[in-house]
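Notes follow the structure.
The values are calculated or read from the model by the stated rules, or taken from the named source; none is laboratory data. Since this is a predicted model, take the numbers as computed values, not measurements. Quick reminder, even Gly has a Cβ in these numbers, built from the backbone with ideal geometry, and neighbours come from all protein chains shown. We work out accessible area using only protein heavy atoms, side chains counted, and drop any ligands, DNA or RNA first. Shrake-Rupley method; radii C 1.70, N 1.55, O 1.52, S 1.80 Å.
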Amino acid sequence: MHPQDDRIRWIKSPKLGVAGRSYLPLFVQGLTTTLRHLLGRKLTVESPEERHEIPDPLIYRGVHRLNRDAQGRIKCVACFLCATACPAHCIDIVAAESPWPDREKYPQSFTIDELRCIFCGMCEEACPVDAIELTSLYDLSGKSREEMIFDKEKLLSVYDQTKDAEPMRSARA
Amino acid sequence: MLSTLIVALIKIVLALAGLMTAAAYLVLVERRFAAWVQDRRGPNRVGVPLTRIRLFGLGQPIADGVKFIFKAEFTPGHVDKLMFFVAPLTIFIAAAAVFAVIPFGSVLPQDFLPAGWGVSEPIRLVAAPGIDVGMIYVFAVGSIAVYGVVLGGWASNNKYSFLGGLRSGAQLISYELPLGLGILGVVLWTGSLRLDAIIARQAVGGAWNCVLQPLGFLIFAVAACAEATRLPFDLPETEQELVGGYHTEYSGIKLMMYLVAEFLHMITASFLIVILFLGGWHFWGITGSGEAVTWPVALLRVAVLLAKVLGVILFFMLARWSWPRFRFDQLMALGWKVLIPLGLVNVVVVAAWAEFGPALAARWGISDPLGLGLAGGAALLLCWLVVAASDPTRVDNSPRRRVVTPDQDVEEIFN
């Protein structure tokens, strides 16, 4: 773009008075700001002894879980909607014929690569039966890449771990 | 003779060990301070090694040191090997050698050893006592730091490092002038280049030089901050937006030497500010002013001096987060258009007072220091107003003339 282009708006820097140009008010302003923060309340917490206060765990997007129904069976019907919606392609489902009469399919294996996941929550939005949900567990870690690929059992165990604190959506009022 | 040597060696070891420890712990202080200003907590976990005792993070410097020593020290293939090795050594040795003449207290009474041990006079708390050209030594050795910077940039054989070295060289050389002018006023007033004499003059008079020569104090403090390359003058490093500067290619223990030297510069600058302008070990009512001291007074003087130095260092660390960095042209404008002229004004005021002051003071019925203080204060006020009114650091970057484009006729534009 040419410097004489009409679309360029040249903004004049604001004119300072003698007080401003003497640098003194600005000097004091800068110093008071830093002093206030220096002595002020600290925002970080001493993790892991202290935990972050999560305002609403029900809408937090942390580690996934696979919900169970009333009989303790996996709720998932292997419809692949979550895998289709996933922008990171981190969900891998192998469907099989359901052993139960109330649905046609169930996931024989259901794995989520937590390292690829971007925690956008699209899977949760897409799920028609409220089978996959994101919990408020945010500090997941592992010693290898393989360990971070969560299989069906692992995801169900996340549900067992969090079901009391965070009831699944269909169970909420 | 032997006892003098032993005493000198003990002082050198104490000073060097103290400095290295201080530099290491100041890194921790800096990090904690930065964290607090940014509403964080900072490194507070590392304590006693191999235990779970945390000690407010006081073990962090050990961990930092071990990390630096065990880090891969990579020497790029394109560097000038000898110079690449010499440059960090230069800056580090220069930074440490300055402390030979910087007193870290007043004197110790001679009675801590039996009379037969050959210590017959009070021991001065400075590694090389009685150097008459102390100030000149500080300047001469301190200036060698520029070589370390330029050499480091040059030896790296890398365009960015080279430009960084030149950038830093320009800054360090520019700000050495106002630094010298700030010192000149003090030397004129004291009549001696010895650092202990400068402190003694302030202690005996009871009036610190920062009150007598406020203009010189400000100039010296700003220039010292720039010499130590602390923010808002950290153009040599500019870690946020530019390539690191002269030490881009350095790693491991050589980089640590540069970083420690930087902290040593800050400590030196703080010591000099305190000694030249803030009364050194003197504090009204508690430290006395004479040479004959008892043990409590001697230790109190050391404590007062170190407390003042720590205060100045903490101010430097706070300044880092308080004001934005200067642009390079603003840095140069501040140095050449503001600090040097004002430094000259300060020297003229002090010199004029040294010549005509005592007579004037006697006629007006005021004391000599009070007169200088008044004159200095008036000079500061006047200079500040003149600078504020003329605004010499302001640069207009908007286009002032029409720009010729290839498709425009040059004739058409100029007619």
In the set B:Phe99, B:Phe85, which member is in a helix (DSSP H, G or I), closer than 24 Å to B:Leu19 by Cβ, open to solvent by 20 Å² or more (accessible area, probe 1.4 Å) and away from chain A (no Cβ under 14 Å)?
B:Phe85
Quick check on region A:103-123. Is at least one of its residues open to solvent by 40 Å² or more (accessible area, probe 1.4 Å), over 19 Å from A:Tyr60 (Cβ atoms), under 21 Å from the mean Cα position of the chain (by Cα) and not acidic (Asp, Glu)?
yes
Looking at this structure, is B:Leu235 more than 24 Å from B:Leu385 (Cβ to Cβ) and not in a helix (DSSP H, G or I)?
yes
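Tell me yes or no: at least one residue of region A:11-33 is of a type in the set (Val, Ile, Thr) and touching a residue at least 24 places away in the same chain (Cβ under 8 Å).
no
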Any chance region B:320-340 includes a residue that's part of a helix (DSSP H, G or I), under 30 Å from B:Val204 (Cα atoms) and open to solvent by 30 Å² or more (accessible area, probe 1.4 Å)?
no
Just to verify a result, which residue in region A:45-99, among those that are modelled with pLDDT under 90 and β-branched (Val, Ile, Thr), is farthest from A:Gly121 (Cα to Cα)?
A:Val45
Considering only region B:265-275, I want to know if a residue exists there that is free of Cβ contacts under 8 Å to residues at least 60 places away in the same chain and more than 16 Å from the chain's Cα centre (by Cα).
no
Of the candidates A:Ser136, A:Ser170, A:Ser157, the one satisfying the condition of being of a type in the set (S, T, N, Q) and more than 24 Å from A:Gln108 (Cβ to Cβ) is A:Ser136
Filter result (at pLDDT 90 or above and open to solvent by less than 10 Å² (accessible area, probe 1.4 Å)) within region B:270-281
B:Ser270, B:Ile273, B:Val274, B:Ile275, B:Leu276, B:Phe277
Single unsatisfied condition, A:Thr44 versus (1) within 14 Å of chain B (Cβ to nearest Cβ); (2) part of a strand (DSSP E or B)
(2)
Quick test for you: out of A:Glu53, A:Glu49, pick the one residue that is more than 30 Å from A:Ser98 (Cα to Cα) and more than 14 Å from every other protein chain (Cβ to nearest Cβ).
A:Glu53
Taking the condition of being touching a residue at least 12 places away in the same chain (Cβ under 8 Å), in a loop (DSSP other than H, G, I, E, B) and open to solvent by 50 Å² or more (accessible area, probe 1.4 Å), how many residues in region B:53-74 meet it?
5
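Looking only at region A:1-32, filter to residues that are at the interface with chain B (Cβ under 7 Å from one of its Cβ atoms) and at pLDDT 85 or above; which one of those is least open to solvent (accessible area, probe 1.4 Å)?
Among those that are at the interface with chain B (Cβ under 7 Å from one of its Cβ atoms) and at pLDDT 85 or above, it is A:Gly30.
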Residue among B:Val345, B:Val338 that is touching a Cys at 6+ places or on another chain (Cβ under 8 Å) and at pLDDT 90 or above
B:Val345
Yes/no for B:Arg363 being basic (Lys, Arg), free of Cβ contacts under 8 Å to residues at least 24 places away in the same chain and not assigned by TED's automatic domain parsing to the domain that holds B:Ala22
yes
Output for region B:25-52, where each listed residue is touching a residue at least 60 places away in the same chain (Cβ under 8 Å) and open to solvent by 30 Å² or more (accessible area, probe 1.4 Å)
B:Val27, B:Val29, B:Gln38
Take B:Leu188 and decide whether it is surrounded by 20 or more Cβ atoms within 10 Å (Cβ to Cβ) and in contact with a helix residue (DSSP H, G or I) (Cβ under 6 Å, 6 or more places away or on another chain).
no
Output yes when any residue across region B:287-302 is surrounded by 20 or more Cβ atoms within 10 Å (Cβ to Cβ), touching a Ser or Thr at 6+ places or on another chain (Cβ under 6 Å) and not in a loop (DSSP other than H, G, I, E, B), and no when none is.
yes
Residue in region B:144-158 that is assigned to a helix (DSSP H, G or I), open to solvent by 40 Å² or more (accessible area, probe 1.4 Å) and either out of contact with any Ser or Thr (no Cβ under 9 Å at 6 or more places or on another chain) or among the acidic types (Asp, Glu) (or both) present
no
Here are some residues: B:Tyr246, B:Tyr250. Which one is touching a Gly at 6+ places or on another chain (Cβ under 6 Å), among the hydroxyl-bearing types (Ser, Thr, Tyr) and closer than 30 Å to B:Arg167 by Cβ?
B:Tyr246
